[in-house]
Amino acid sequence: MPAHADRRAIARRAHLWLALFLAISCIASLAAGASGASIWSALRNIATGTPVAATDAIVLWEIRLPRTVMGLIVGAALAVSGAVLQGLFRNPLADPGIVGVSAGASLGAIAAIIFASALPVAIQAQVGTFLVPLAAFLGSWVSVVLLYSVATHRGRTSVATMLLAGIALTALTMALSGIMIYAADDQQLRSLTFWQMGSLGGATWPKLAIAGPLIAVALALAFTLGRALNALALGEATAMHLGIPLQRAKNLAVVTVAAATGAAVAVSGGIGFIGIVIPHLLRLATGPDHGPLLINSALLGGALLIWADVVARLIIAPAELPIGIVTAVMGAPVFLWILLRSRGVLDL
Amino acid sequence: MHRQTITRTPRATPLRALLAATLSLGLFGTAAQSGESTSADVLSIGGSVTEIVYALDQEHRLVARDTTSTYPPEATTLPDVGYMRALSAEGVLSVAPNLVLSEEGAGPPETIDVLNAAGIAIVTVPDRYDAEGIGLKIRKVGAALGVADKADRLASRIETDLNEAARKSDARADADRKRVLFVLSTEGGSILASGTGTAAHAIIGLAGGKNAVTGFEGYKRMTDEAVTTAAPDVILVMDREGNHAITAESLSTLPAIRPTPAGRNGAVIRMNGLYLLGFGPRTAKAVADLSTALYGS
């Protein structure tokens, strides 16, 4: 199997190249923005001990750096979640939306946006900018737990049931959202629309301090799933015979996806496309082995979302485009083109 | 609401000192509040706020505007920082304002926090649909721009005009009031109309009309039968450019409208959206125009 070994080597080498690409993306994201603040002159100032201009310090430290970190972790979370779910469901269409995470998060966010004004002022002041992310995270968890308990019978989880129940649950969640949207006023509708199109503009250090560790732990756990997902590609029965603790792998997959995607959607809103496309791109380029695929997904997902954010904040500056629009408008045609070029290769 | 987020850095001390310095500068040094200034350093957010800045002849102070600021037409040549509820922190900082004049509800809060930290003064004006509310808006904008006297004169004039209009409207017997249905859109043939608590509801009342729909708050889709039951005498729509404009014919032929008095008489009034609903310096004139359109002069 020399060809197979080659591919594995290529996938491993890709780690390095993708890590380099990610580093370049981070630097570009720190350097680019609507204002004139320059990372280079700030670094020079720090090196020579001269103080950095106050506005530049705020732009670099309070705006660009948190956005870059947010893009990195959200992109990685969405891409890895997509790769895990596509492996778990043995379905190329699987993305975080399919286990109800996105719809549940969306329902939570809508409820928070609409009922926020009904909360006592004291509580509003306490939770502040955390209300919507918190509600979105809760919503995503409630829907995943519900779905998982529907699909699990006598300690065994049926992925087929989970897939179908996920569709039903998403429909129900959307209907509930619809009821609240009907009750919303114009301004709440606008807030909602913007939330659903996603943005990294709300990145703050306190939010990152909560979402960051959560996503990091979830991804680290997800990286251990490579062998189990590889075995699952041969079918559940075969995987079982190979000695894979299937139920444990399923539990771990669902929990890590819910934590990573839930946290990502909570802080950035609805960002589509990354979760479904990145793993496919990498499978086409470096093969289906889940071990390197999961790590590469994290690297490429983070890098591409950072680039999407750079475009989002520059293209109509001083205004800003919702990042979900950028990922779809730029990503979808590229993905179609790659599919056309490599027809027949994708046989997951 | 404001969180001191800078403290997470190991290099917190010099940064924090800098921040404190800018903050105090921001508090005491807003030239905007201490007298008339000539340098351009004001970001105006909200259509009515921008109109007020122009009405006070302070347009030379503006560096940028938001998407809703479309009147007067000159305003559209200013850089646009986006929709007022989805402002980008760096976008706003890039136009380097010292003062942000804003209608209520500018956001998101994360952006406002950053602007506060950058020492930019933010003056929020209330959004109310009555004469007093407009007066308050104008006075607040005037005070922030250092032209309080001029603003006071403008506000008083508009309040007088509007109170006069309100007095005339109140004097009209309920039976004489025309029932007005404000239609926001007729997308897909179903009617999105204004209930109570909206700018449209308020302006109809000021012009001596009566909102035909009072069963709900805000703008909602109505079933055809409910529209027919509301029996409007007049349909009021916004005049927009291009294909968005609702034509009188297309309205009168809708099954919901046809059987109503407005449908039978083809009574459709069209007015510019910001002019009609902006509740700014032009509102007294808009009320007069609407009143004339309803009852003749």
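The values are calculated or read from the model by the stated rules, or taken from the named source; none is laboratory data. Just so you know, these numbers come straight off a predicted model, no measurement behind them. As a convention, Cβ positions derive from the backbone with ideal geometry for all residues, glycine included, and neighbour counts pool all protein chains shown. Only protein heavy atoms, including side chains, enter the accessible area calculation; ligands, DNA and RNA are left aside. Shrake-Rupley method; radii C 1.70, N 1.55, O 1.52, S 1.80 Å.
When the Kirkwood hydrodynamic radius is evaluated over all pairs of different C-alpha atoms of the range A:223-348, what value in angstrom, to one decimal, is obtained? Show your work: numbers first, answer last.
Details: mean 1/r = 0.0609 Å⁻¹.
For the range A:223-348, inverting the mean 1/r across all distinct Cα pairs yields 16.4 Å.
Computed from the C-beta positions of residue B:39 and residue A:125, the FRET efficiency with R₀ = 41 Å rounds to 0.70.
Given a 1.4 Å probe and heavy atoms of the protein chains only, how would you sort A:250, B:285, largest accessible area at the top? Intermediate values should be presented prior to the final figure.
Details: A:250 10, B:285 125 Å².
From most exposed to least exposed: B:285, A:250.
Using only the Cα atoms of the range B:176-295, build the gyration tensor, take square roots of its eigenvalues as a ≥ b ≥ c, and label the shape rounded, prolate or oblate: rounded if a/c is under 1.5, else prolate if a/b is larger than b/c, else oblate. Can you show the working numbers first?
Values: a/c = 1.44, a/b = 1.32, b/c = 1.09.
Judged from the Cα gyration tensor, the range B:176-295 comes out rounded (a/c under 1.5).
Each residue of the range A:25-30 was assigned a 3J(HN,Hα) from its phi angle through the Karplus curve 6.51 cos²θ - 1.76 cosθ + 1.60 (θ = phi - 60°); the sequence is 4, 4, 5, 4, 5, 6 Hz, with glycine and proline shown as x. If you wrap the range A:165-274 in the convex hull of its Cα atoms and look at it from every side, the mean projected area works out to 9.0 nm².
The largest-to-smallest principal axis extents of the Cα set in the protein assembly as shown are 92, 69, 48 Å.
The separation of the range B:150-216 from the range A:42-103, counted between C-alpha centres, amounts to 48 Å.
Taking all protein chains as shown and a probe of 1.4 angstrom, residue A:244 keeps an accessible surface of around 10 Å². I'd like the accessible area for residue B:160: 1.4 Å probe, protein heavy atoms, all chains in place, Å² to the nearest 10. My reading of the accessible area for residue B:160 is about 90 Å². First measure r as the distance between the Cβ atoms of residue A:227 and residue B:223, then evaluate 1/(1 + (r/R0)^6) with R0 = 60 Å and state the FRET efficiency to the nearest 0.05. FRET efficiency, residue A:227 to residue B:223: 0.55.
Just to be sure I understand: if I project the alpha-carbon convex hull of the range B:25-161 onto a plane and average over all orientations, what area do I get in nm²?
Values: hull surface 30.0 nm².
Mean projected area of the Cα convex hull: 7.5 nm².
Note on surface exposure: B:201, A:280 rank B:201, A:280 by accessible area, highest first, 1.4 Å probe.
In terms of solvent-accessible area of protein heavy atoms at a 1.4 angstrom probe, what is the ranking of A:197, A:174, A:180, highest value first? All intermediate terms of the calculation are to be shown ahead of the outcome.
Working: A:197 55, A:174 125, A:180 30 Å².
Ranking A:197, A:174, A:180 by accessible area, largest first, yields A:174, A:197, A:180.
Could I get the Rg over Rh figure for the range B:39-82? Both from C-alpha atoms, Rh via Kirkwood, rounded to two places. List each step's numbers first, then the result.
Working: Rg = 8.7 Å, Rh = 9.8 Å.
Using Cα coordinates only, the ratio equals 0.89.
Full extension of the chain between residue A:40 and residue A:209 yields a length gain of 58.2 nm, computed as 0.36 nm times the residue separation minus the alpha carbon distance.
So for the range A:65-192, what percent of the C-alpha to C-alpha distances run longer than 18 Å? Mind dumping the intermediate values first?
Numbers: 4974 of 8128 pairs.
Within the range A:65-192, distances greater than 18 Å cover 61 percent of Cα pairs.
Only protein heavy atoms count here; on that basis, with a 1.4 Å probe, residue A:194 has an accessible area of about 60 Å².
Within chain A, the percentage of alpha carbon pairs spaced more than 28 angstrom apart rounds to 45%. Using only Cα positions of the range A:17-60, each an equal point scatterer, no hydration layer, compute I(q)/I(0) via Debye at q = 0.17, 0.18, 0.25 Å⁻¹ and quote the log10 values to two decimals. Values returned for q = 0.17, 0.18, 0.25 Å⁻¹ are -0.52, -0.57, -0.85. Compute the Cα gyration tensor for the range B:53-115, then decide on rounded, prolate or oblate, letting a ≥ b ≥ c be the square roots of its eigenvalues: rounded whenever a/c is under 1.5, prolate when a/b is larger than b/c in the other cases, and oblate in all that remain. Prolate is the answer for the range B:53-115, as a/c is 1.5 or above and a/b outweighs b/c.
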